[in-house]
Amino acid sequence: MSMLGVFVLCVVSPGLIHVDKDATGGEDGSSWANAYVDLQDAFSQAGDDTFPDYDPAACEVWVADGTYKTSPCSTCSDGDKQQSFALIDGVGIYGKFVGNETARSQRGAATTPETILTGLIGVASPSTAYHVVTAGSGVTSTAALDGFTIKKGKANGSSGDLDKGGGILIEGSPHLEGLSIKENYAKNGGGVYIKSGNPTFTDCAFIDNDADNGSGGGSGAGVYVASGGSGSLAFLRCNFNNNASLDHGGGVYVASSGGTEAEPHFTNCLFYRNDADKEDNSTRGGAIYTNRKMILLNCTLAKNWAGENNGGGGIYNTGDDADSILRNCILWRNEGGGTHNGEADQIAIAGGADVDAFESCIEDLDTLDESGHNNTPDNPLFQNFDSDNYVLKSDNCGGGTCDSSAVDDGEDDYCDDECDEDGDLNKATRKIDLEPNGEQVDMGALETQSG
């Protein structure tokens, strides 16, 4: 889902606030020349009615490339560490500007440096913020955060939620797009902790986040889903890699819901090299540990690790409410206990859970090899598995039968709407017809483009 049409009235002042850390003008946010240099001033103008320049009409903030701290403190107090960039209902915050654009569509060129929101604060005495970004319970989908790198939050506090969501702590339902959430730390939910609400994530990357409670535990290094409203939690074209938990769910941990809370939906997502502490023989769910139903559509999970033998190096699915569904997915070379010699190393099913897989490639396929589901245990043949290139090979495609068991072997009817309309994980065209078998969509997160 794109938010491009939500804030169309904000392209002229009033309503549009500019931020550029290198600006030298009047610092009132009215233009690039007069941009605020402190991003928190823009948040105050848009959302704090006690701020001298408060603008109730503000609905977009444009932020030029550079690094922005949650607090300007030099020697930081605990109160300074509790400051975050708190999202505002009805306001879109957009990064990846150079600082001369007149339309939002002009931003985001590949050569534009990152716009970084950092939890690294302090000058005389360096410190870290507990959360870089927060979204309170009153934040709805009219709030957007788009085009930022969010890094170096450290939720290691001992009270309230100060130990959750080093990158982002969520209690509402914002739309999050084009974010790189990396190098954050928390006891649970190093990158993101979803306490409640129905946030949506589009084109986001969760990289090198850690979950460590200091006592040999810590789950959901990339994302921890504690609760959520009704309906679903949507992850579209998201990449989870190199996240590490000391307990379950290296990439994602989904807590039990009692059957009443939101189902995570992952579409065109890639999970690789996520680690649920492979050195501990009791940990489970290298990529995902879920206690509730989830739906994976055209996702690839490869080279993820859990410590327990048959502990779901890819997915650990457990509980009476965890009747998950996989469609057009690939689970390959995920390891539990250092091996990949059984289906349960790819996906382990326990605790009364029931999983249905359709048109999917699952290494060492066994219990999920159900009649009419058209699953396969055959090697999907990635272009360069060792280098983490998970596009499928196109050998012998184009008039014949592709060597890959996963090219054109998904089910087209599953991949419609958002799975198809904006393309695969890399926004490349879906449903490229490379062999004459009636179907066109590939299994997995990435579509092979030519034979």
What is the fewest-to-most order of ASP247, ASP433 by other Cβ atoms lying within 10 Å of their Cβ?
-> ASP433, ASP247
So, counting K/R as plus one and D/E as minus one, what does the shell of residues with Cβ under 11 Å around ASN34 add up to?
-> -3
Full extension from ASP378 to ALA57: what is 0.36 nm times the residue separation minus their Cα-Cα distance, to one decimal in nm?
-> 109.8 nm
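How much of the DSSP beta bridge set in the stretch 60-362 is antiparallel, as a percent to the nearest 5? Can you show the working numbers first?
On the way: 3 of 98 bridges.
So the antiparallel bridges in the stretch 60-362 amount to around 5 percent.
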Percent relative contact order of the stretch 60-362, based on C-alpha pairs within less than 8 angstrom and at least six residues apart?
-> 10
1/(1 + (r/R0)^6) with r = Cβ-Cβ of ASP28 and SER74, R0 = 25 Å, i.e. FRET efficiency to nearest 0.05, evaluates to 0.50
How far is the Cα center of the stretch 205-240 from the Cα center of the stretch 294-318, in Å?
-> 14
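Give me the net charge of ASP345's neighbourhood, meaning all other residues with Cβ under 15 Å from the Cβ of ASP345; Lys, Arg count +1, Asp, Glu -1.
Here the count lands on -3.
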State, to one decimal in nm, how far the label point of THR339 lies from the label point of THR102, with both points 7 Å from Cα in the Cβ direction.
-> 6.7
Of the peptides 37-50, 204-217, how do they stack up when ordered by the mean number of other Cβ atoms within 10 Å, highest first?
-> 204-217, 37-50
Here, the stretch 281-333 modelled as identical Cα point scatterers in vacuum has Debye log10 I(q)/I(0) at q = 0.19 Å⁻¹ of -0.61
Compare the Cα positions of THR50, GLY423, ASN375 along the charge dipole of the chain (+1 at Cβ of Lys, Arg; -1 at Cβ of Asp, Glu; about the Cα centre) and return the one farthest towards the positive end.
-> THR50
Among 307-315, 137-145, how do they line up from the highest to the lowest mean number of other beta-carbon atoms within 10 Å?
-> 307-315, 137-145
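Taking the Cα centre of the chain as the origin, how large is its charge dipole in debye, to the nearest 20, when only Lys and Arg (+1) and Asp and Glu (-1) carry charge on their Cβ atoms? Write down the numbers at each step before the final one.
Numbers: 26 positive and 71 negative charges, 312 e Å.
Dipole size: approximately 1500 debye.
Bear in mind these aren't lab numbers, they're just calculated from the coordinates by the rules spelled out. Keep in mind the model is a prediction, meaning the values are calculated, not measured. Note that we place each Cβ from the backbone using ideal geometry, even for glycine, and neighbour counts take in every protein chain shown.
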